[in-house]
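The values are calculated or read from the model by the stated rules, or taken from the named source; none is laboratory data. Being a predicted model, the structure only gives us computed values, none of them experimental. Note that each Cβ is placed from the backbone with ideal geometry, even for glycine, and that neighbours are counted across all protein chains shown. Note: accessible area is taken over every heavy atom of the protein model, side chains too, but ligands, DNA and RNA are not part of it. Shrake-Rupley method; radii C 1.70, N 1.55, O 1.52, S 1.80 Å.
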Amino acid sequence: MAKDIVLATDGSAYSFQAARFITQSGLLPDGGVVRVLHVMANLPARVSRFVDAEAIQEWYAEESAKVLKPTADILNQAGVPHVVDSRIGFAPQEITRYADEVDAHMIVMGAHGRGVLLDAVIGSVAGRVLALTHRPVLLIQQPGDDQDKTR
């Protein structure tokens, strides 16, 4: 039985709220691990032509660490078992692929709460994850983000 939770983070206050929710909710089954995932978009090809591959990999690692550390700190302070990982690519596909690879119990994400209309026009990572996965997805909104109660 799947016990792990994938917590997708972009380093925003919404992601931190999702991490805090996990620490306070009892959402993680006994024996489960929170798998904190950050996905970065590929650099444009024109950049990779002028910078060597090692420098690009170092940059990806540094940028991901900046995003992953604060989320991991929240889980550490609460004593929640977790691992961190990062991927490069299209965030919705990478999040769902990762959840499948680790056979996650669910995916948890912070919701930016921009509203149904704006999300319908420009899309959202959360909306695309919902469309791509067969796993349960829990979207956590920051307190006070009650612009959109219809989700």
Give me the number: length gained by fully extending Asp73 to Ala131, i.e. 0.36 nm times residue separation minus the C-alpha to C-alpha distance, one decimal in nm. 17.9 nm
Below 11 angstrom from the Cβ of Val83, what's the summed charge of the other residues (Lys, Arg +1; Asp, Glu -1)? -1
Once label points are set 7 Å from the Cα along Cα→Cβ at both Leu27 and Ile56, what is their separation, rounded to one decimal in nm? 3.4 nm
Over segment 1-121, average the accessible area per residue using a 1.4 Å probe and give it in Å², no decimals. 53 Å²
Two-site label geometry, Glu63 and Val83: point separation in nm, points 7 Å out along Cα→Cβ: 2.4 nm
In nm, spacing of pseudo-spin labels at Gln93 and Ala2 (7 Å Cα→C-beta vector): 2.0 nm
